[in-house]
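The values are calculated or read from the model by the stated rules, or taken from the named source; none is laboratory data. Bear in mind the structure is a predicted one, so any value in this text is a computation, not a measurement. Note: ideal-geometry Cβ built from the backbone for every residue, glycine included; neighbour counts use all protein chains shown.
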């Protein structure tokens with residue numbers, strides 16, 4: 001059964017980035033920045049899944065994420081308002097980003113780079129509230145693709 005969580009999600013290539021954090025921590029901003037970066041760079045595909053509320057569900061050993069039906073295709077851009085974007089109806093989560101994470105460390109231990117949602121182990125990136133999230137996410141994804149970490 002799918003659970004609703006307060007988060008944003010963006011499909012990057014074949015997997016989704018699930019962005020969690022307290023209200024005002026920059027979830028929507030990071031989602032929009034990832035989509036914009038995908039349009040500018042060599043990222044295969046960068047597409048909104050959902051903003052503000054998403055559904056997550058374990059299925060076949062993977063965590064699936066879907067947009068909340070009422071918010072599908074909508075993203076909030078602070079100072080601009082709600083924008084309508086093309087979106088993916090469902091994706092497999094490949095990374096969880098926790099914004100304003102109190103356990104964010106400069107050199108995190110391997111155990112802190114993993115989280116479990118609905119029993120599914122997922123790579124995790126903890127971002128402190130005073131850190132720029134976009135470069136950290138891109139570095140994390142690049143290091144994983146190159147076999148590092």
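Taking the range 90-121 on its own, how many of its residues are over 21 Å from residue 33 (Cβ atoms) and either within 15 Å of the chain's Cα centre (by Cα) or without any contact (Cβ under 8 Å) to a residue 60 or more places away in the chain (or both)?
First, the residues of the range 90-121 that are over 21 Å from residue 33 (Cβ atoms): 90, 92, 102-103, 105-121.
With either within 15 Å of the chain's Cα centre (by Cα) or without any contact (Cβ under 8 Å) to a residue 60 or more places away in the chain (or both) added as a condition, the list becomes 90, 92, 102-103, 105-117, 121.
So the count comes out to 18.
Of everything in the range 104-134 that's farther than 18 Å from residue 58 by Cα and loosely packed, with under 11 Cβ neighbours inside 10 Å, which residue is modelled with the lowest pLDDT? Spell out the reasoning first.
Of the residues in the range 104-134, the ones farther than 18 Å from residue 58 by Cα are 104-113, 125-134.
Subsequent filtering for residues that are loosely packed, with under 11 Cβ neighbours inside 10 Å retains 106-107, 109-111, 130.
On the way: 106: 86, 107: 83, 109: 80, 110: 77, 111: 74, 130: 91.
Across the range 104-134, the extreme among qualifying residues is 111.
Restricting attention to the range 1-42, report how many residues are surrounded by 14 or more Cβ atoms within 10 Å (Cβ to Cβ) and outside any loop (DSSP other than H, G, I, E, B).
So the answer is 24.
Within the set of pairs 6 or more residues apart or between chains, which connect a residue that is touching a residue at least 12 places away in the same chain (Cβ under 8 Å) and at positive phi inside the range 53-75 to a residue that is part of a strand (DSSP E or B) and surrounded by 15 or more Cβ atoms within 10 Å (Cβ to Cβ) with Cβ atoms less than 9 Å apart?
61/120; 73/48; 73/50; 73/67; 73/87
Would you mind finding the one in 17, 10 that is closer than 17 Å to residue 72 by Cα and without any contact (Cβ under 8 Å) to a residue 60 or more places away in the chain? Give the steps one after another, and end with the answer.
Values: 17 fails: without any contact (Cβ under 8 Å) to a residue 60 or more places away in the chain.
Result of the check over 17, 10: 10.
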